[in-house]
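What follows is one structure encoded as structure tokens, with my remarks underneath.
The values are calculated or read from the model by the stated rules, or taken from the named source; none is laboratory data. The structure presented is a predicted model; accordingly, all values stated were derived computationally and were not measured. Note that we place each Cβ from the backbone using ideal geometry, even for glycine, and neighbour counts take in every protein chain shown.
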């Protein structure tokens, strides 16, 4: 590759890194928070529909069974999430920026 | 001394620390391996554990650790001891301790299955470390909130030109939350509108100065011009101490700030806390960026702006109040916390950032790189106050920053408005977050024992009331120093955990162990000095004069100081025992359990 091409690739890499940095500085926290909110909503949905798996029967099993094909992919991750012991500063309120 | 030399010194510090020292530790001691799987890749769940590009993570981590802390610390330290000791501590602190603390906390978590600091402490040291962390965190937040509300109320009372900008900032923050999460407007147009309007309001703040000034006068005339509370403040009259008065206008602004913080504490995070912080971040970042660039080129463009005006060295033990002491060691090392070293960074890094590290080679640029970038923020704050005009510390900082910004052709009056806004905005938006976290901590800590604390309104109001009580002592500098001590003790604790872990895996622990000993001894000494100062300078004069509230506030601060020392002694003894146990027999350390089974 020519020296000019190498220089071009290097500068485009730097530009991409700068863009990523600004994204991390600005929009990334909104994305993370949106994901956290979605996860909370999904957790509620899962406990309502599949609560039996954790010993919390909310919905009659006949309805839960009809939903099984849709929730199967998330069951393992959801059970792990329910089982984990969270430290008190791991909650979203502890996204304390800038101290 | 001029600003160009200081900026060059900062750049050289960052370069040498990163390329010579930090990289050597990363290669030889930690031996980071890009091929080794990290918790983010092992336990990926799309939210907490998510492999993230190092540049994104660098921006995210930097924003999470850098804001009001490095600014306030540099301002207070330069005022008390002069710019030279503050500059030296910033440089040496970040080069030998600060980066090591932030980086090591991330390493510790990544190498221990994504476990947080307290989980590692539970395993390697003792289960009670977690309870002691509650004590540290709650009082850390209480002291910080007291200091920030105190600063904010007095600055807002004295600077009516800032009010319009702050009101618009809050409104624009609320609008941004609505735009992003409800109306689904893109981040870029939403940012342009909300930040643009806030900035316009800040820059034109002096146009409404008269309205807010007359409001202040009207408020103060309600009580016939008499103060609501009188107290002895050792920071007045050139730090010799004098009678201070709390006028109705100051109480009014304290209540306005409290209402704002209450709303930020109880509303959903997306509705207020997060978007207000985001808008505030842009205002401060813009001012800081213009200021840093101005400081760098000021020597060539406007040499008169770049000359330091405050003394290089104000003494080993400057006078603060009639009886207290303020020795450079240990007090300087807790007055400047963030910017040199901070315990909160370690706490945040071990859970927020470590679980997103894609590859071990990213730990150094993200952890050490962010801390070194924050050091530059602290340096800029120090430069701003060093070139600022004489006067109260915050005003001097705003004037100094305004001078740097004015280099870019912005009229000085507007630039100083932006300088004030850069400070006030970031302190204000962080204060509401602090109350939010205090509310959660209080609920988690004492909710089982006292069930009403589980109610978010009760917990928020109690947190705010405690902070206001501290504000009524009128000595935010002492509050700030106690906060710095609590913060630095957390840093010492984090370095202690790293030292114990390094000993337990048979690695060289000196790079973390020596700074830990220094920070531990310094911080405990500083708490004892501050407790003595509070007793002599604030508690006794106010008690003798029969002023109940200031005496109660300062008495509470002395109690907090004693509690912190007791907690530190317990942690130190437990850490000492654990260190010797693993140092002699490294293989005896229990292995980390996966964070997800």
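Checking each residue in region B:242-275 for being within 11 Å of chain A (Cβ to nearest Cβ) and under 19 Å from the mean Cα position of the chain (by Cα) picks out B:264, B:265, B:273, B:274.
Within region B:61-83, restricting attention to residues that are assigned to a loop (DSSP other than H, G, I, E, B) and touching a helix residue (DSSP H, G or I) at 6+ places or on another chain (Cβ under 8 Å), the residue that is farthest from residue B:373 (Cα to Cα) is B:67. The test for being surrounded by 21 or more Cβ atoms within 10 Å (Cβ to Cβ) and either at pLDDT 85 or above or farther than 25 Å from residue A:26 by Cβ (or both) does not hold for residue B:174. Could you go through region B:299-319 and let me know if any residue there is within 18 Å of residue B:416 (Cβ to Cβ) and free of Cβ contacts under 8 Å to residues at least 40 places away in the same chain. Checked against the condition, which is being within 18 Å of residue B:416 (Cβ to Cβ) and free of Cβ contacts under 8 Å to residues at least 40 places away in the same chain, region B:299-319 yields at least one hit.
For region B:311-351, give me each residue that is at positive phi and out of contact with any helix residue (DSSP H, G or I) (no Cβ under 6 Å at 6 or more places or on another chain). Listed by number, the list holds a single entry, B:315. On inspection, residue B:395 passes the criterion of being surrounded by fewer than 22 Cβ atoms within 10 Å (Cβ to Cβ), under 20 Å from the mean Cα position of the chain (by Cα), closer than 21 Å to residue B:203 by Cα and modelled with pLDDT under 85.
Restricting attention to region A:33-68 and to residues that are within 14 Å of chain B (Cβ to nearest Cβ) and in contact (Cβ under 8 Å) with a residue 24 or more places away in the chain, the residue that is farthest from the chain's Cα centre (by Cα) turns out to be A:46.
Using the structure shown, decide if residue B:514 is closer than 30 Å to residue B:24 by Cβ and without any contact (Cβ under 8 Å) to a residue 60 or more places away in the chain. Yes: the conditions hold for residue B:514. Output the residue which, of all residues in region A:35-74 that are outside any helix (DSSP H, G or I) and out of contact with any helix residue (DSSP H, G or I) (no Cβ under 9 Å at 6 or more places or on another chain), is nearest to residue B:45 (Cα to Cα). In this case the residue turns out to be A:55. The residue list B:58, B:49 contains one member that is buried (at least 17 other Cβ atoms within 10 Å of the Cβ) and in a loop (DSSP other than H, G, I, E, B), which is B:49. The set of residues from region B:360-380 being over 30 Å from residue A:36 (Cα atoms) and more than 13 Å from chain A (Cβ to nearest Cβ) comprises B:375, B:376, B:379, B:380. Being at pLDDT 90 or above and surrounded by fewer than 19 Cβ atoms within 10 Å (Cβ to Cβ) is a description that applies to residue B:566. Considering (1) closer than 30 Å to residue B:584 by Cα; (2) within 13 Å of chain A (Cβ to nearest Cβ), the lone condition that residue B:483 does not fulfil carries the number (1). Only one entry in B:377, B:372, B:364, B:383 is part of a helix (DSSP H, G or I) and farther than 30 Å from residue B:114 by Cβ, namely B:383. When region B:407-439 is filtered for residues that are surrounded by fewer than 24 Cβ atoms within 10 Å (Cβ to Cβ) and farther than 21 Å from residue B:155 by Cβ, the ones remaining, listed by number, are B:407, B:408, B:409, B:410, B:411.
Filtering region B:168-193 to residues that are assigned to a helix (DSSP H, G or I) and farther than 22 Å from residue B:256 by Cα leaves B:178, B:179, B:180, B:181, B:187, B:188, B:189, B:190, B:191, B:192, B:193. What's the total number of residues in region B:207-229 that are more than 25 Å from residue B:548 (Cα to Cα) and buried (at least 16 other Cβ atoms within 10 Å of the Cβ)? Within region B:207-229, residues that are more than 25 Å from residue B:548 (Cα to Cα) and buried (at least 16 other Cβ atoms within 10 Å of the Cβ) number 4. Looking at B:386, B:463, which is the one that is buried (at least 23 other Cβ atoms within 10 Å of the Cβ), touching a residue at least 24 places away in the same chain (Cβ under 8 Å) and within 14 Å of another protein chain (Cβ to nearest Cβ)? After ruling out the rest, the residue left standing is B:463.
Please pick out the residue among A:14, A:80, A:9 that is within 14 Å of chain B (Cβ to nearest Cβ), at pLDDT 85 or above and in a helix (DSSP H, G or I). From the options A:14, A:80, A:9, the qualifying one is A:14.
Scanning region B:538-562 for residues that are in contact with a strand residue (DSSP E or B) (Cβ under 8 Å, 6 or more places away or on another chain) and in a helix (DSSP H, G or I) returns B:538, B:541, B:542, B:549, B:550. Selection within region B:302-329: residues that are closer than 16 Å to residue B:83 by Cα and touching a strand residue (DSSP E or B) at 6+ places or on another chain (Cβ under 8 Å). The member of this set that is surrounded by the fewest Cβ atoms within 10 Å (Cβ to Cβ) is B:307. Restricting B:107, B:72, B:76 to residues that are more than 30 Å from residue B:424 (Cα to Cα) and out of contact with any strand residue (DSSP E or B) (no Cβ under 8 Å at 6 or more places or on another chain) narrows the list to B:107.
Within the set B:407, B:357, B:426, the sole residue that is in contact (Cβ under 8 Å) with a residue 60 or more places away in the chain and within 12 Å of chain A (Cβ to nearest Cβ) turns out to be B:426.
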